[in-house]
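Take a look at the structure below.
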Amino acid sequence: MLEVWNLRKVYDAHGRRVEAIGDLTFTVPGGQFACVVGPSGCGKTTLLRCAAGLLPATAGEIIVDGARVTSPPAGLAVVFQEYGRSLFPWLRVRDNVALPLKAQRIARSRRDTLVDEALAAVGLADAHTAYPWQLSGGMQQRVAIARAIAYQPRVLLMDEPFAAVDAQTRADLEDLIRAVWRRLGVTLLFVTHDIDEAVYLGQRVIVLSAAPTRVAEDLAVDLPADRDQLTTRADARFAELRGAVYAQIQKVKTGRTEP
Amino acid sequence: MKPTPRKRSLRSRFRGGPGRVLLAVGLPVVLVAVWWAASAGSTDFYRPPLSRILVAFADTWTWDRIRSDVLPSLARLAVGYALALVGGVALGVLVGSSRTVRALLEPLLEFLRAIPPPVLVPVFILLSGLGDRTKVLVIAFGCVWPVLLNTVEGVRGRDEVLSDTCRSYGIHGVLRLRHLVLRSASPQIVTGARQALSIAIILMVISEMIAANNGLGFTVVQFQRGFQIPEMWSGVLLLGLLGVALAGAFQLAERRLLGWYHGQRTGRRER
C-alpha cells in the first residue's frame, strides 16, 4: 500500500522558488494498478521521486506499507524513464538484474532462480550475456523491468517508462507490464503523460492539476481485467474514459490562470 | 532485420587488417631508413652511423646488462607507478565524493601539483637517501596528479539516474564503490593513467640520472660521460622501444577494462 498525505514540494534554487507540488493526497491500496497523468510540468516525476525516497518532501508524508518514507524504502522498486542511463553499461544483462539481489545478500542459488525467472518473464531468456548497449531501447527497458521483478517489490513505481520507445514496442511493453502486475500482485504507481496509456493500463487514473499540483480527478477504470490492444482500445467504455480524462486535463491546463 | 552489406570504403579497409599495420609501421620504417642512409659513412664523433649504433646496441644490452640496469629501472617504475595509481584513485574517490573534502584539499593539491617533480629529487635524497625509495617516491609523486585529477572528475561526473538506481535498489558500500563509483570513473581514470605512464618513464630516467648507481638513466649518462657515443645512442633507442612496449601493454589493458565503454560509444554512433 502506498499513501500520500498532503505532499508538498518546493524547489528553492538560486533565489527562485518553484512550487512543484502544492498539496497532494491519495492512497493506492495494496495490489492496485494506479496511473498518474497530468499536463507536462505538473510535478509527476517529483511525486515519484518523493515516493521513492529519492527526494525529501517539503511538507506532508508518504507511507509505504505502514512505514514513513525518509530514504529509499526496502521492498520498493523503481523503473526510470531513462533506461539507457539506469542500467550499468559495464555489467551484462544478467549481472544488471542480479546486482540488487547481491546487495540484499540473497544466496547465490536463489539469486540465480530469481534472475532466470525475471528475464524469462520479460522475454529475454536468451539475452543473459549481452551488454545493455547491445540491445534495442525496448529490450533495455525490459531488462530494467526484469531487474524490478527480480527484486520482488511490494510497491513498484514507474516513471514514464515507455516514453522513449517506439509505438509498437510500447504496445508490447504495456501488455508485458499488465501481465507482470497480475502475476506479482504488486502495488503499482505508473506515471505517464499519455492518456490512452493510463486508461489502458490502470484500474484507476489519478489526474493531476498544473503546478502547484493537486489531485484534479480520481477516476476508476471499470474495464475488464483481460485487456487487449485491439478490443480494449475499440471498447466504447475505453473511449468514454479516455474522453473524460482528456477533458479533465484540458480543464486543468486552461484553468491555470484561475486563482 | 538484416543489416545491409556495405561496400567497405578505402579508409575503412586501411583502418582494419593489414592496411592498419602498414600505416602504423610505415612512417617509423621510413624514418629509420632515412636515418640509416643519412648517417652512413658519417665520421662525426657525436653522430655515428646507425649501423654502428645497432652493433653497439647488441653488444651493450646483454642479459647481464638487462639484469643489472634495465630490470632495476623497470622495478622502480612499476612500484612508483602502482603507488601513484592506487593513491591517486583512492584520494580521487575521496575528493570527488565529498564537497567538504574537496574544498579543504583543493588549494593544497593545486600547490603540490605546481611543483615540478624533478625539483624534488634533491629534497627526497635528503629525506630518504640515495636508495630506490627516493626514485620510487619521485615517480609516484610526479605521476599521481593526472590520475588524481581525472579520478575526481570521473567520480563527480557519474550519471545521476544510475546513482538514483543504486539508492533505490539498496546498492551501498563496497558494491556501490565497485560497480558505480569506480566503474563510472574508469574512462577518466584510464586517461589519467595513460598520461601518468609517460610522466613515470620520464621521472624514472631523470631520477636515475641525478642520483643512482644503476639503471637506464644512470647508464646513458655514464656512456655520455665516458664518450661511448654509440652506446649512449643505443640507450636512448632502448628507452624509446621500452616506451612503445609499455604503451602497447597499456592499450591491451585498456581494451579489456573499457570494452564496455568503447562498445557503447560505437553502438551509439551506429544507431
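The values are calculated or read from the model by the stated rules, or taken from the named source; none is laboratory data. Everything quoted here is computed from the prediction, not taken from an experiment. Every residue, glycine as well, gets a Cβ built from its backbone with ideal geometry; the counts of neighbours run over all protein chains shown. Calculation scope for accessible area: heavy atoms of the full protein, side chains included, ligands and nucleic acids excluded. Shrake-Rupley method; radii C 1.70, N 1.55, O 1.52, S 1.80 Å.
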- Note on the structure: With Cα springs under 10 Å, the Gaussian network model of chain A assigns the largest mean-square fluctuation among A:41, A:15, A:66 to A:15
- Task: Compare B:36, B:63 by solvent-accessible area with a 1.4 Å probe and give them largest first, with all protein chains kept in place.
- Result: B:63, B:36
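Sum -39500 (n - 2.57) across every DSSP H segment of at least 4 residues in the protein assembly as shown, then divide by the residue count to get the 222 nm mean residue ellipticity, nearest 500. Intermediate results must be reported in sequence, preceding the final value.
Numbers: 22 runs with 307 residues, N = 530.
Dividing the helical sum by the residues of the protein assembly as shown leaves -18500 deg cm²/dmol.
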- Message: As an exercise, take the mean of 1/r over every pair of distinct alpha carbons in region A:88-152, invert it, and state the Kirkwood radius in angstroms.
- Response: 11.3 Å
- Query: Tilt of helix B:216-225 relative to the longest C-alpha principal axis of chain B, in degrees (0 to 90, nearest 10)?
  - Reply: 30 degrees
- Rounded to 5, the percent of DSSP beta bridges in the protein assembly as shown classed as antiparallel: 55 percent
- Query: Counting DSSP beta bridges with both partners in chain A, what percentage is antiparallel, nearest 5?
  - Reply: 55 percent
- Rounded to the nearest 10 Å², what accessible area does residue A:166 show when all protein chains are kept and the probe is 1.4 Å? 90 Å²
- Most to least accessible of A:14, B:172, A:128 (protein chains only, probe 1.4 Å): A:14, B:172, A:128
- Could you work out how far helix A:93-103 tilts from the main Cα principal axis of chain A, as a 0 to 90 degree angle to the nearest 10? 80 degrees
- Query: Which three extents, in whole angstrom, do the alpha-carbon atoms of chain A cover along their principal axes, largest first?
  - Reply: 58, 46, 32
- Under 19 Å from the 7 Å Cα→Cβ point of residue A:236, by amide nitrogen: which residues of region A:202-227? A:221-225
- Message: Below 8 Å between Cα atoms, with a sequence gap of 6+, how large is the relative contact order for chain A in percent?
- Response: 26 percent
- Item | Leading residue at positive end of dipole, region A:88-152 (Cβ point charges), from A:149, A:139, A:125 | A:149
- Sorted by average packing, counted as other Cβ atoms within 10 angstrom per residue and highest first, what order do A:53-61, B:146-154, A:82-90 take? B:146-154, A:82-90, A:53-61
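May I ask you to rank B:105, B:177 by accessible area, largest first, using a 1.4 Å probe over the protein chains only? Present the calculation step by step, with values, prior to reporting the outcome.
Values: B:105 40, B:177 75 Å².
Greatest to least solvent exposure: B:177, B:105.
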- Item | Long-range Cα-Cα pairs in region A:58-206 (distance over 27 Å), rounded percent | 20 percent
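Using the Kirkwood formula on the Cα atoms of region B:124-271, what hydrodynamic radius do you get, in angstrom to one decimal?
18.3 Å
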- Query: Which residues does a label at residue A:104 reach in region A:114-146, if reach means a backbone N under 11 Å from a point 7 Å past the Cα toward the Cβ?
  - Reply: A:114-115
- Message: Please compute, for peptide A:100-108, the average count of beta-carbon atoms on other protein chains lying within 10 Å of each residue's beta-carbon.
- Response: 3
- Query: Roughly how crowded by other chains is peptide B:181-191, in terms of the mean Cβ count from those chains within 10 Å of each of its Cβ atoms?
  - Reply: 1
- Query: Taking Cα centroids, how far is region B:234-256 from region B:26-104 in Å?
  - Reply: 7 Å
- Query: Can you give the average number of partner chain beta-carbon atoms within 10 Å of each beta-carbon in peptide A:88-95, as a whole number?
  - Reply: 5
- Query: If the label point is 7 Å along Cα→Cβ of residue A:164, which residues in region A:100-133 have backbone nitrogen under 14 Å from it?
  - Reply: A:132-133
